[in-house]
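One structure is given here, and the rest of the page talks about it.
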Amino acid sequence: MNIYDVSKKANVSIATVSRVLNGNPNVSDKTRAKVLAVMEQLGYTPNVFARGLGLNTIQTIGVMCSDSSDLYLANAIYYLERDLRSNGYDSILCCTGYELETKQKYFDLLCSKRVDAIILAGSKFIELKPKDNSYILDAAKKIPIMLVNGYLEGSNIYSTVCDDQAAMYEAASQLIKSGHQKLLYLYSSTSYSGMNKMQGYKNALADASLSLGPEYIHQCRKDIMASKELLLSLHEKGLDFDGVLTSDDSLAAGAVKYAHEAGRKIPEDLSIIGYNNSILSTCTDPELTSIDSKIEALCTTTVNTLMGVFSGGNVPSRTTIAADLIKRETTNL
């Protein structure tokens, strides 16, 4: 039982329930009495995890990410906590790693703290096997579940996603139109987002009638030096490529290092496009052309949607945000 259940049963907003608990005078006596009666009926005890035994707030949201050292996820955490705080909510952060068992463990921990909602930052929380997502679907029967750039269909589950497929399609298409014929694609993940990016690349090739073999698609861990070494290896094996598209800026930064070591001029001999428009995109020489996946907009929209859910508004279960291609010195587009 949580504040969400109280607001639903009393037919008032979650903000109203919060004001009653905080002793806020801006609540009518009639509404206050109704909310207190519902709390007693449900046996509701306020969530005071973040404030010891005090009752000056009960508003707490669980936030989960797989790896807080990841630049994309670190930014997501910052924006989520900032926007939750501006709406009067505290947050509890759990960094889970990538194993399903550990994700479930931390998810259950947050539920045990009686948080008012859980935000899953990043697409790696949604598993390919439907049964592995059952714990999320079960929890959504009690509290709202918010997904940042991940998608899972289910009641009380709300997704805010970047249109990764369209973004990668546009980037690849622009390279092809500028004369590139042999585009190499590097990716780090087979997550929902990762697969959409790859599909965008494949669709662009197909629409341009370019037929490239599987040797032009490679998975690489999200590491600058790993990307550099992979490209050097492919170069030494004689693979001919005039452009590199990547699913993350770290892989693109590795491509820049590869080009310098291999003696290839950027962008004359090799064009490179990264993804996420992170700080890495302006730290390379030359600076990276990169797809801005709008992480701030994704997080702000997620929090705004959650506030809409709490207030009983009619909010969409899925919101899609378009990305932008930020052109810098690793392309001549």
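Hey, can you tell me all the residues within the stretch 144-199 that are part of a strand (DSSP E or B) and among the hydroxyl-bearing types (Ser, Thr, Tyr)?
Step one: of the stretch 144-199, the residues part of a strand (DSSP E or B) are 145-148, 157-162, 183-187.
Matches in the stretch 144-199: Tyr158, Ser159, Thr160, Tyr185, Tyr187.
Restricting attention to the stretch 109-134, which residues are within 21 Å of Val309 (Cα to Cα) and open to solvent by less than 30 Å² (accessible area, probe 1.4 Å)?
Listed by number, the residues that qualify are Leu110, Val115, Asp116, Ala117, Ile118, Ile119, Leu120, Ala121, Gly122.
Taking the stated definitions as given, is Gly154 surrounded by 20 or more Cβ atoms within 10 Å (Cβ to Cβ) and either of a type in the set (Lys, Arg) or within 23 Å of the chain's Cα centre (by Cα) (or both)? Explain how you work it out, then say what you get.
Numbers: surrounded by 20 or more Cβ atoms within 10 Å (Cβ to Cβ): no; either of a type in the set (Lys, Arg) or within 23 Å of the chain's Cα centre (by Cα) (or both): yes.
So Gly154 does not fit the description; no.
Report, by residue number, each residue of the stretch 25-45 that is closer than 14 Å to Ser7 by Cβ, in a helix (DSSP H, G or I) and among the aliphatic types (A, V, I, L, M).
Filtering the stretch 25-45 down to residues closer than 14 Å to Ser7 by Cβ leaves 27, 31-32, 34-39, 41-42, 44.
Among the residues that remain, those that are also in a helix (DSSP H, G or I) are: 31-32, 34-39, 41-42.
Once the filter is applied, which keeps residues that are closer than 14 Å to Ser7 by Cβ, in a helix (DSSP H, G or I) and among the aliphatic types (A, V, I, L, M), the stretch 25-45 yields Val35, Leu36, Ala37, Val38, Met39, Leu42.
Does any residue in the stretch 224-236 that is open to solvent by 40 Å² or more (accessible area, probe 1.4 Å) come within less than 6 Å, Cβ to Cβ, of a residue that is among the hydroxyl-bearing types (Ser, Thr, Tyr) and assigned to a helix (DSSP H, G or I) six or more places away or on a different chain, and which pairs are these?
Ile224/Ser250
Under the condition of being hydroxyl-bearing (Ser, Thr, Tyr) and surrounded by 12 or more Cβ atoms within 10 Å (Cβ to Cβ), which residue from the stretch 83-97 is nearest to Leu128 (Cα to Cα)? Before you say what the answer is, go through the steps one by one.
Filtering the stretch 83-97 for residues hydroxyl-bearing (Ser, Thr, Tyr) gives 86, 89, 91, 96.
Still in the running and surrounded by 12 or more Cβ atoms within 10 Å (Cβ to Cβ): 89, 91, 96.
Numbers: Tyr89: 32, Ser91: 28, Thr96: 18 Å.
Step by step, filter the stretch 83-97, then rank; the result is Thr96.
Please find, within the stretch 85-112, the residue that is nearest to the chain's Cα centre (by Cα) out of those that are more than 18 Å from Asp138 (Cβ to Cβ) and aromatic (Phe, Trp, Tyr).
Among those residues, the one meeting the criterion is Tyr98.
Is there a residue being closer than 20 Å to Met198 by Cβ and either open to solvent by 70 Å² or more (accessible area, probe 1.4 Å) or at pLDDT 95 or above (or both) anywhere in the stretch 300-319?
no
Got a number for residues in the stretch 281-297 being surrounded by 22 or more Cβ atoms within 10 Å (Cβ to Cβ) and either part of a helix (DSSP H, G or I) or touching a Gly at 6+ places or on another chain (Cβ under 9 Å) (or both)? So that I can check it myself, show each step before the final result.
Here is the first cut: in the stretch 281-297, the residues surrounded by 22 or more Cβ atoms within 10 Å (Cβ to Cβ) are 281, 284, 288-291, 293, 295.
Next cut, either part of a helix (DSSP H, G or I) or touching a Gly at 6+ places or on another chain (Cβ under 9 Å) (or both) only: 281, 284, 288-291, 295.
The qualifying residues number 7.
Condition test on Ala167, is it touching a helix residue (DSSP H, G or I) at 6+ places or on another chain (Cβ under 7 Å), small (Gly, Ala, Ser), within 25 Å of Val244 (Cβ to Cβ) and open to solvent by less than 20 Å² (accessible area, probe 1.4 Å)? Steps first, answer last, please.
On the way: touching a helix residue (DSSP H, G or I) at 6+ places or on another chain (Cβ under 7 Å): yes; small (Gly, Ala, Ser): yes; within 25 Å of Val244 (Cβ to Cβ): yes; open to solvent by less than 20 Å² (accessible area, probe 1.4 Å): yes.
Yes; evaluated as a whole, the condition is true for this residue.
Can you tell me which residue in the stretch 237-265 is nearest to the chain's Cα centre (by Cα), limited to those that are over 19 Å from Met225 (Cβ atoms) and crowded, with 24+ Cβ neighbours inside 10 Å?
So, considering only residues that are over 19 Å from Met225 (Cβ atoms) and crowded, with 24+ Cβ neighbours inside 10 Å, the one nearest to the chain's Cα centre (by Cα) is Leu245.
Taking into account only those residues within the stretch 157-175 that are without any contact (Cβ under 8 Å) to a residue 60 or more places away in the chain and not aromatic (Phe, Trp, Tyr), which is farthest from Leu333 (Cα to Cα)?
Narrowing the stretch 157-175 to residues without any contact (Cβ under 8 Å) to a residue 60 or more places away in the chain: 165, 169, 173.
Right, trim to not aromatic (Phe, Trp, Tyr) and you get 165, 173.
Details: Gln165: 20, Ser173: 11 Å.
My answer is Gln165.
The values are calculated or read from the model by the stated rules, or taken from the named source; none is laboratory data. Owing to the predicted nature of the structure, the values given are computational and were not obtained by experimental measurement. Please note: Cβ atoms are built from the backbone with ideal geometry, for glycine as well, and neighbour counts cover all protein chains shown. Ligands, DNA and RNA are excluded from the accessible area calculation, which covers all protein heavy atoms including side chains. Shrake-Rupley method; radii C 1.70, N 1.55, O 1.52, S 1.80 Å.
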